[in-house]
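**Student:** Can you read through this structure? Questions will come right after.
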Amino acid sequence: MGAVWEAGVVPAGGSAGSLCWFEGGTTDSFHLHRLAPLHDGLGFLPGSHCPHYDGEAQRRPLYHQLIAAGFPAGYAVDNDAGLRFEGQELAEAVSAREGAGAYRVERGANGVEETTLPAHFLLLANSSSADQTSDPS
């Protein structure tokens, strides 16, 4: 995988396919009905990741608990949202559904801080509306 990354191939995926590129995150891959931390992601992207942030009731609380306990800060995305990186730097958040967002989640002076990231709204090819950026906050 390292050679593919170095060759400039764009890795992409949703759910576990987005989680794997980070150092760690939250997953139900170990047990379908129980979320758990993943501590050994591939590490091509720094920090942690939490997919399905709005889609599964346990995701947000577990991610906040992990961050508060020292888990690496990272990014969370709602269903139908994603992140685009250039190298290891976040270039933009994208959303395919109105209201689906992305967030930076980190430990702060007052506990866990969640910052909503502006998301570029992706329109269907046959849509007549102009491209737009949404900020669901």
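Just so it is clear, none of the values below were taken in a lab; they were calculated from the coordinates. Quantities reported herein were computed from a predicted structural model and do not represent experimental measurements. All Cβ positions, glycine included, derive from the backbone under ideal geometry; neighbour counts span all protein chains shown.
**Student:** Within 10 Å of each candidate Cβ there may be at most 15 other Cβ atoms; applying that plus a DSSP loop requirement, which GluC sites (Glu not before Pro) in region 22-113 survive? Present the calculation step by step, with values, prior to reporting the outcome.
**Tutor:** Working: sites: GLU23, GLU56, GLU86, GLU89, GLU92, GLU98, GLU106, GLU113; in loops: GLU56, GLU98.
Answer in residue order: GLU56, GLU98.
**Student:** Relative contact order (percent) for the chain, with alpha-carbon contacts under 8 angstrom and 6 or more residues of separation? Please list the in-between numbers first.
**Tutor:** Values: 273 pairs, mean separation 20.9, N = 137.
Over the chain, the number comes to 15 percent.
**Student:** With r defined as the distance between the Cβ atoms of HIS39 and LEU122 and R0 fixed at 35 Å, what FRET efficiency is calculated, to the nearest 0.05?
**Tutor:** Details: r = 32 Å, r/R0 = 0.91.
Working from the Cβ atoms, E equals 0.65.
**Student:** Let me check I have the definition right: for region 50-104, take the eigenvalues of the Cα gyration tensor, multiply each by 5, take square roots. What are those semi-axes in whole Å, largest first? Display every interim value, and only then the final one.
**Tutor:** Numbers: eigenvalues 75, 53, 7 Å².
After diagonalising the Cα gyration tensor, the semi-axes are 19, 16, 6 Å.
**Student:** What shape does the chain take by its C-alpha gyration tensor, where a ≥ b ≥ c are the square roots of the eigenvalues and a/c under 1.5 counts as rounded, a/b above b/c as prolate, and the rest as oblate?
**Tutor:** Working: a/c = 1.60, a/b = 1.21, b/c = 1.32.
Oblate shape, in that a/c is at least 1.5 and b/c is the bigger or equal ratio.
**Student:** A further question on this structure: Would you look at the GNM of the chain, springs on alpha carbons closer than 10 Å, and say which of ASP28, ASP80, ASP54 moves the most?
**Tutor:** Result: ASP28 has the largest fluctuation of those listed.
**Student:** Further question: Please sort by residue number the chymotrypsin sites (Phe, Trp or Tyr not before Pro) in region 1-47 whose DSSP state is loop and whose Cβ has at most 12 other Cβ atoms within 10 Å.
**Tutor:** Numbers: sites: TRP5, TRP21, PHE22, PHE30, PHE44; in loops: TRP21, PHE30, PHE44.
Hits after loop and neighbour filter: PHE30.
**Student:** Any idea which of GLY101, GLY25, GLY82 is furthest toward the positive side of the dipole for the chain, if Lys and Arg beta-carbons carry +1 and Asp and Glu beta-carbons -1?
**Tutor:** Going by the Cα projections, it comes out as GLY25.
**Student:** What percent antiparallel are the DSSP beta bridges of the chain, to the nearest 5? List each step's numbers first, then the result.
**Tutor:** Details: 23 of 32 bridges.
Looking only at bridges with both residues in the chain, the antiparallel portion is about 70 percent.
**Student:** Percent relative contact order of region 2-74, based on C-alpha pairs within less than 8 angstrom and at least six residues apart?
**Tutor:** Values: 104 pairs, mean separation 20.2, N = 73.
Rounded, it is 28 percent for region 2-74.
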